[in-house]
1. Projected area of the chain, taken from the Cα convex hull and averaged over every viewing direction, in nm²?
2. Mind listing P(r) for segment 3-148? All alpha-carbon pairs, 10 Å bins, whole percents.
3. Which one, Tyr204, Ile225, Val287, is farthest towards the positive end of the dipole of segment 186-296 when Lys and Arg carry +1 and Asp and Glu -1 on their Cβ?
4. Please name which of Thr118, His148, Asn181 has its Cα lying farthest along the dipole of segment 75-199 towards the positive end, using unit charges on Cβ (Lys, Arg +1; Asp, Glu -1) and the Cα centre as origin.
5. What order do you get for 196-204, 104-112 when each peptide is scored by the mean count of other beta carbon atoms within 10 Å, highest first?
6. Note down the net charge around Trp212, summing +1 for each Lys or Arg and -1 for each Asp or Glu among other residues with Cβ under 11 Å from its Cβ.
7. Of Arg150, Arg405, Arg97, Arg414, which has the most accessible area with a 1.4 Å probe, and how do the rest follow in descending order?
8. Placing unit charges on C-beta atoms (Lys and Arg positive, Asp and Glu negative, everything else neutral), compute the dipole magnitude of segment 169-296 about its Cα centre in debye, rounded to 20.
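The values are calculated or read from the model by the stated rules, or taken from the named source; none is laboratory data. As the structure is a prediction and not an experimental result, all values here were calculated from the model. Cβ: placed from backbone, ideal geometry, glycine included. Neighbour counts: every protein chain shown. Ligands, DNA and RNA are excluded from the accessible area calculation, which covers all protein heavy atoms including side chains. Shrake-Rupley method; radii C 1.70, N 1.55, O 1.52, S 1.80 Å.
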Amino acid sequence: MTTTLAPTPLAPSTHKYADVIHRLESGGSMLPDTPENLMQIIGIYKAYAVPMDFYWRDLLYIAEQVFLEPLPFFKYFLPQEYLDLPNHYAGDTADLRIWRGPATAHPELLEFMEKGKTRKMSKLFHHLWHDRINMEFAEACMQAMLWHGRDMGWGLFDAYLDSEEYKANADRAIKAYFKNNPAMLALYKLFPEMFLEQVRQLSYYSNLGLFWEVMAPVFFEMSDIYDEGGFKGVPDAMNFLVNGIFAIAGRPIYHRVNIRGEWFEIIPKSKGFTWLYEAALPYVEAVFYRTSPFRGTKSYNAQAKQVPDEQKDFHYGILYADVFPVGTAGIPPTLLMDDMYHFLPDYLIKYYQQHCRSEDDMLIQLGITFQRSMYNVTSAVIQALRTALLYPLDDPNPRHRAKNRQFFEGQMDRFLRPEARLGDIQSRDYR
């Protein structure tokens, strides 16, 4: 006969967010496990996935086809080739089928692109009327990744952009692109760093496009599973994301450009850059946590001291955002809210109708729902990092569980700032 000893429990955490830490140690999410929270986050994942299906396609189109077009007036006018571009994680030809739906552009996206919220008209009029998907939000996320890339501590992608190999690859592509344009070649000779920095930015377009190509089918599949009754709680939704992170972690991150029918490799797949370390983790750090102060909400004047001196101290991502002033015209998260508004599932619309002050308040409410949902995504990232770097949650060794505790407390330290919304999302009354 053998005797199994129960692991010695750790003393309760004394951290400000001890309850959240204990929940994480039990395999839960930072977001409380309630049916209302589950309904909100899955509904907003669906509403996010449809415009995201446009974002990733257009990001790749800009990186691969528009490239260094001096006046890219039509870079948001996605050609049929990219609407039909098969997603590598959906459809019958998928490398790894995450979503059971089609690999081409989502039907709801195609319908919105044709009719918008006004009526059927040409692409140009939809664009001028601003009755379209707001790619400016996607570009703001890309710019945050580019700007914060130097000191985030993840991966080798950003360092490679300064390498001689990268510069040589970019040089070949630039010269091929402007082969028949002596004026631009002369400018390139005079200002090589200006052109090279544009190519670096385009490499981040490709990086983010390849990241979101994965996330769109993940969110579509989560929506379908929820509709089928497959998720029993918030931890189920979080664990689906954790499993997805590990399933797709090694997806290649690269950048290539098509110049008059010939492909030029700027960041070859052979460099071995992967989805988790070169795209997913930098995205979470740059966009969820850091970003930058939105114009009109903070003073950039150094004497005002409203913006931190160090980039690592930036705290303007969705995990910290005050959604009410953010809900202002021209601020990137507001553009995303407007995009998601068109694709809300019926059950989420009914929920907002019960809790909104008016229809105009719905953008703010779905912004707060989005904030809740991104805390759940961040929880999945935290749990995935703990799985990869530390110990199982049920490890019988108390020293191992103490290391896990130390890791969770370190993660929660990032939410001790007064701007953090971790405390707010613990209450259902945060609306």
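1. The number I arrive at for the chain is 25.2 nm².
2. With 10 Å bins starting at 0, P(r) equals 9, 26, 27, 18, 12, 6, 2, 0.
3. Value: Tyr204.
4. Going by the charge dipole, the pick is Thr118.
5. Descending mean neighbour count gives 196-204, 104-112.
6. Details: positive: Arg57; negative: Asp53, Asp58, Glu213.
Summing Lys and Arg as +1 and Asp and Glu as -1 gives -2.
7. Reading off the accessible areas and sorting them downward yields Arg150, Arg97, Arg414, Arg405.
8. Details: 13 positive and 13 negative charges, 158 e Å.
That gives segment 169-296 a dipole magnitude of about 760 debye.
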